[in-house]
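This report refers to the structure that appears directly beneath it.
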Amino acid sequence: MLQTLEELEELTKTLREKRVEIKEEINVCLGTNCLAIGNDETKKSLEACLAQKANNQDYKIKSVGCHGLCAQGPLVMVNSATNEHEEIVYEKVKNEDSQRLIDAIVGEKSPDTLSDLLCKTDIPFFTKQKKIVLENAGIINPDSLDDYILNDGYHALFYSLTHLSPEEVIEQVKLSGLRGRGGGGYPAGLKWESVAKAISDKKYVICNGDEGDPGAFMDRAVMESDPHRVLEGMAICGYAVGADQGFIYVRAEYPVAVDRLRKAIKDAERNGLLGQKIAATPFSFTIEVRLGGGAFVCGEATALIASIEGNRGSPRQKPPHLSDRGFNGQPTVLNNVETYANIPPILRNGGEWYAGFGTEKSKGTKVFALTGQVKHTGLVEVPMGMTLRELIFDVGGGIDGGKKFKAVQTGGPSGGCIPESLLDQPIDYESLKAVGSIMGSGGVIVMDETSSMVDVAKFFLEFCMTESCGKCAPCRVGTVQLHNLLDKFTKKEATQQDLTLLEELCRMIKETSLCGLGQTAPNPVLSTLRYFKDEYIAGIKKDSE
């Protein structure tokens, strides 16, 4: 049991001394993507090959989370113990590569024999990123508490409990300028302050891990790669606002993340990092994992809370806000996975440090799931303010297959489609909103010249239509009628009157729907009408013009 900051620091020192005894770590990615293509079997093969070497005690094979470059998986990373910045990455590693990989690593064969597997790490995909949330991803074993502590894990929590008042913790979060990374972009510090000021003998902290956007896997990767980081961020929040209980709401379709979170909670409790009187202080905090049933609408705060309470996941009117009446009618902080994952480094380094990244109104970094017709699909973390062009053509490596860029969709099914003429737009909350899109939770889907923008709008609208909870008529009925109209355009059976009705219906749904799902469902239609209206006109019957 760890009871003081000094004990934690001493353990960290001991772990680092033991780490130096290992000449090199062979890190095998076991995120969902690499597991799906067989990297767990590759790990077993590497272990069998290493076991045959006389000096195998100088090397360590371990499981790690997502390294980011998913398009080139399965990935194996070799890290030097004496130089943490010395890393060699091997891509598309198969079982049959295990023997020559181990032979080269232990020095029995020339590294040149692995030239066909070598991944270039000096490319913009790596060099243009700034990893804060993902600083441990691909480096630590997510199932190892020791690995997390070795990398300064739980230091921010213990320091906050023993050296800062709750008000001082909130002040650092406010100073950082951190805004909620779930899509709304509300300042995290202000949200925490509202709950801290609420008068109640019971308060709650909830983490939204119900990631439902098509093509999005940011939160899943964080939970799989660095689960203790999320727990630490939630515990710090609990201390700041006066809560003693937390919940992580995770979609049931994320079994790897669920298993790793549950193990992390047990390990933290056994070692006094969660539970009663943490760091020998009066503060107690427990966390439970609750599973979501796959309903997209449960990403909305009030619907999520209704689901945790055991009710049907449907939204309610606000106010009252969660800071007044949240879980079980008590004041509640609800942030998403990425928001909580930012908290430990902010408390370790200070709010001003974090505010040094990003733009004036959008501080820090943002994690994106970069997908679609782009060469380097995967998980990336870049400073706020980077342009879309840099993200797609530098970090992402440009359009796959030699085709031309057509549009990029940001913000999930509730986001908008942005054309080539706006690629120099900076990525921040205000700029994306100004061009008809949103930041969302961080999904970025790149489309090439073969994409039909009417089909794209119909696809995302169909998703929102299917996921509507049905509580309000504008969303329940309006999205169906909107989908029917889009179907006419794709079949070239629309009329000029349909085009007018399409625009009017979008605005009606946007302005009158109960929650964020309905209010943002028309965004893909409105943005494609704004930038690709000629494709809608092409869907109008000739005799109706």
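I need the phi-derived Karplus couplings for region 69-76: 6.51 cos²θ - 1.76 cosθ + 1.60, θ = phi - 60°, integer Hz, Gly and Pro marked x.
Couplings: 7, 4, 4, 9, x, x, 10, 10 Hz.
Assuming a ≥ b ≥ c are the square roots of the Cα gyration tensor eigenvalues, decide whether region 22-121 counts as rounded (a/c under 1.5), prolate (otherwise, with a/b larger than b/c) or oblate.
Since a/c stays below 1.5, the shape of region 22-121 is classed as rounded.
With charges set only on the Cβ (+1 for Lys and Arg, -1 for Asp and Glu), what does the dipole of region 319-478 come to about its Cα centre, in debye to the nearest 20?
340 debye
Label the chain by shape, choosing from rounded, prolate and oblate, from the square roots a ≥ b ≥ c of the eigenvalues of the Cα gyration tensor; if a/c is under 1.5 it is rounded, and otherwise prolate applies when a/b is larger than b/c, oblate when it is not.
oblate
Relative to the longest principal Cα axis of the chain, at what angle does helix 5-20 sit, 0 to 90 degrees, rounded to 10?
Result, in degrees: 80.
Rounded to whole Å, give me the distance from the Cα center of region 343-413 to that of region 280-324.
First find each Cα centre; the distance between them is then 28 Å.
Based only on other Cβ atoms within 10 Å, what is the fewest-to-most ordering of 193, 47?
Going from sparsest to densest Cβ surroundings: 47, 193.
Where a ≥ b ≥ c are the square roots of the eigenvalues of the C-alpha gyration tensor, would you call region 152-355 rounded, which needs a/c under 1.5, or, failing that, prolate if a/b is larger than b/c, or oblate?
Taking the square roots of the gyration eigenvalues as a ≥ b ≥ c, region 152-355 is rounded.
Placing unit charges on C-beta atoms (Lys and Arg positive, Asp and Glu negative, everything else neutral), compute the dipole magnitude of the chain about its Cα centre in debye, rounded to 20.
Computed charge dipole of the chain: roughly 1280 debye.
Got a sec? Charge dipole of the chain, +1 on Cβ for Lys and Arg, -1 for Asp and Glu; which of 305, 105, 238 is way out at the positive end?
Most positive-ward Cα: 305.
Sorted by packing (mean other beta-carbon atoms within 10 Å per residue), highest first, where do 54-65, 250-261, 406-417 land?
With the highest mean Cβ count within 10 Å placed first, the list reads 406-417, 250-261, 54-65.
Can you run phi through the Karplus equation (6.51, -1.76, 1.60; θ = phi - 60°) for region 260-277 and list ³J(HN,Hα) in whole Hz, with x for Gly and Pro?
For region 260-277, the Karplus-derived couplings read 5, 5, 5, 5, 4, 5, 4, 5, 5, 5, 4, 9, x, 8, 9, x, 8, 6 Hz, x marking Gly and Pro.
All of the numbers you see were taken from the coordinates with simple rules; none came from a lab. Quick caveat: nothing in here was measured; it's all calculated off a predicted structure. Note: ideal-geometry Cβ built from the backbone for every residue, glycine included; neighbour counts use all protein chains shown.
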